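The values are calculated or read from the model by the stated rules, or taken from the named source; none is laboratory data. A quick note: this is a predicted structure, and the numbers were derived from the prediction, not measured. No Cβ is skipped: glycine too gets one built from the backbone with ideal geometry, and neighbour counts run over all protein chains shown.
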């Protein structure tokens, strides 16, 4: 009789290091995210979230003070990628922070679809994503962007090369 044991999981301390490293990568090392003002609200599966505040630099309609569609698209794309990073960290729970971070070297968007549902009006916005598929080479996500009142502004779906 053969018994299979569960793969080793990283320690609580190592998980905290990974969460901090993912946040640092997302907020500081991916410098375009700084331009957008993206901040990690949660780096934990299954519900990672990011947020950003409305600023004059992000306005696309000066008449109405609405968020630029490119900001919405870029935020949803960044959120989908971040959700996959978190999911990859979970999938490889036996690996150290350094090993997990090396897995992101070739990651990139290969397809992105955005549905703009309502004008981007708000004081701040929160993006979330669900990983719908995490394969060996391709990952897929569904993303959402809401304002501070919970009004759904846009949804997106994306595919990423992950290896």
Regarding residue 114, is this residue in contact with a helix residue (DSSP H, G or I) (Cβ under 9 Å, 6 or more places away or on another chain), in a strand (DSSP E or B) and surrounded by 13 or more Cβ atoms within 10 Å (Cβ to Cβ)? yes
Scope the range 66-106; condition over 19 Å from residue 8 (Cβ atoms), part of a loop (DSSP other than H, G, I, E, B) and without any contact (Cβ under 8 Å) to a residue 24 or more places away in the chain; matching residues: 105
Taking the range 1-54 and keeping residues modelled with pLDDT under 95, closer than 17 Å to residue 90 by Cα and part of a loop (DSSP other than H, G, I, E, B) leaves 6, 7, 8, 9, 10, 11, 43, 44, 45, 46, 47
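Is at least one residue of the range 144-161 at pLDDT below 95, out of contact with any strand residue (DSSP E or B) (no Cβ under 8 Å at 6 or more places or on another chain) and outside any helix (DSSP H, G or I)?
No, there is no match, as no residue in the range 144-161 is at pLDDT below 95, out of contact with any strand residue (DSSP E or B) (no Cβ under 8 Å at 6 or more places or on another chain) and outside any helix (DSSP H, G or I).
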Residues satisfying the stated conditions in the range 6-19, i.e. exposed (fewer than 13 other Cβ atoms within 10 Å of the Cβ) and without any contact (Cβ under 8 Å) to a residue 40 or more places away in the chain: 6, 11, 12, 13, 16
